[in-house]
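Asks: Mind having a look at this structure? Questions to follow.
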Amino acid sequence: QVQLVESGGGLVHPGGSLRLSCAASGSIFGLDDMGWYRQAPGKQRELVAGITSDGSTNYAASVKGRFTISRDNAKNTVYLQMSSLKPEDTAVYYCKAVVVNEHGYKYQYWGQGTQVTVSS
């Protein structure tokens, strides 16, 4: 069993910064792709940023240049550094990880979500 625990959300003013963390724990033999998604009220969940096991990254056009995704494989943790935050970034942010067991099977897990609110 695997759990993803997120932290770092909160309330910030426009132009501010936040750093989200997502730590995986449990029966983990390896981690494949990881990513951050967000869901705003009345909107569908969307990919914000993704990172492969080799460190290759991709970003939604709306956050490119402002957000940075990174990972620490030794800590089974993925981060999302968010800068120049805008009100439209307000959403619940979810961490996703693909966990690989010793037999090569892959399982997808989601974090519980952390609220990010950008407001004056």
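Asks: On the basis of being surrounded by 14 or more Cβ atoms within 10 Å (Cβ to Cβ) and either within 12 Å of the chain's Cα centre (by Cα) or in a strand (DSSP E or B) (or both), does LEU4 make the cut? Don't jump to the end; show me each part of the working.
Replies: Numbers: surrounded by 14 or more Cβ atoms within 10 Å (Cβ to Cβ): yes; either within 12 Å of the chain's Cα centre (by Cα) or in a strand (DSSP E or B) (or both): yes.
In short, yes.
Asks: Identify all residues within segment 50-64 that are open to solvent by less than 70 Å² (accessible area, probe 1.4 Å), of a type in the set (A, V, I, L, M) and outside any strand (DSSP E or B); write none if there are none.
Replies: Residues satisfying the conditions are ALA60, VAL63.
Asks: Among PHE67, PHE29, which is surrounded by 18 or more Cβ atoms within 10 Å (Cβ to Cβ), farther than 15 Å from GLY113 by Cβ and of a type outside the set (Ser, Thr, Tyr)?
Replies: PHE67
Asks: Pick from segment 1-26 the residues that are within 15 Å of ALA74 (Cα to Cα) and either out of contact with any Cys (no Cβ under 6 Å at 6 or more places or on another chain) or hydroxyl-bearing (Ser, Thr, Tyr) (or both): which of them is modelled with the lowest pLDDT?
Replies: Looking at residues that are within 15 Å of ALA74 (Cα to Cα) and either out of contact with any Cys (no Cβ under 6 Å at 6 or more places or on another chain) or hydroxyl-bearing (Ser, Thr, Tyr) (or both), I get GLY26.
Asks: Let me ask something additional. Looking at segment 7-26 only, could you name the residues that are over 20 Å from TYR59 (Cβ atoms) and open to solvent by less than 30 Å² (accessible area, probe 1.4 Å)?
Replies: GLY10, ALA24 - these are the residues of segment 7-26 that are over 20 Å from TYR59 (Cβ atoms) and open to solvent by less than 30 Å² (accessible area, probe 1.4 Å).
Asks: Separate question: Out of curiosity, is GLN112 at pLDDT 95 or above and either in contact with a His (Cβ under 7 Å, 6 or more places away or on another chain) or not in a loop (DSSP other than H, G, I, E, B) (or both)?
Replies: Values: at pLDDT 95 or above: yes; either in contact with a His (Cβ under 7 Å, 6 or more places away or on another chain) or not in a loop (DSSP other than H, G, I, E, B) (or both): no.
No.
Asks: Does LEU47 satisfy being in a strand (DSSP E or B), farther than 15 Å from LEU31 by Cα, hydrophobic (A, V, I, L, M, F, W, C) and open to solvent by 60 Å² or more (accessible area, probe 1.4 Å)? Even if it seems obvious, please write down each step before you answer.
Replies: Numbers: in a strand (DSSP E or B): yes; farther than 15 Å from LEU31 by Cα: yes; hydrophobic (A, V, I, L, M, F, W, C): yes; open to solvent by 60 Å² or more (accessible area, probe 1.4 Å): yes.
Yes; evaluated as a whole, the condition is true for this residue.
Asks: Considering only segment 99-109, how many residues are loosely packed, with under 15 Cβ neighbours inside 10 Å and either touching a residue at least 12 places away in the same chain (Cβ under 8 Å) or basic (Lys, Arg) (or both)?
Replies: If we filter segment 99-109 for residues that are loosely packed, with under 15 Cβ neighbours inside 10 Å, which is where we start, we get 101-108.
Imposing the further condition that a residue be either touching a residue at least 12 places away in the same chain (Cβ under 8 Å) or basic (Lys, Arg) (or both) reduces the set to 101-102, 106-108.
Qualifying residue count for the region: 5.
The values are calculated or read from the model by the stated rules, or taken from the named source; none is laboratory data. In this text, all values refer to a predicted model and were calculated from it rather than measured experimentally. Please note: Cβ atoms are built from the backbone with ideal geometry, for glycine as well, and neighbour counts cover all protein chains shown. Just so you know, the surface numbers come from the protein's heavy atoms only, side chains and all, with ligands and any DNA or RNA stripped out. Shrake-Rupley method; radii C 1.70, N 1.55, O 1.52, S 1.80 Å.
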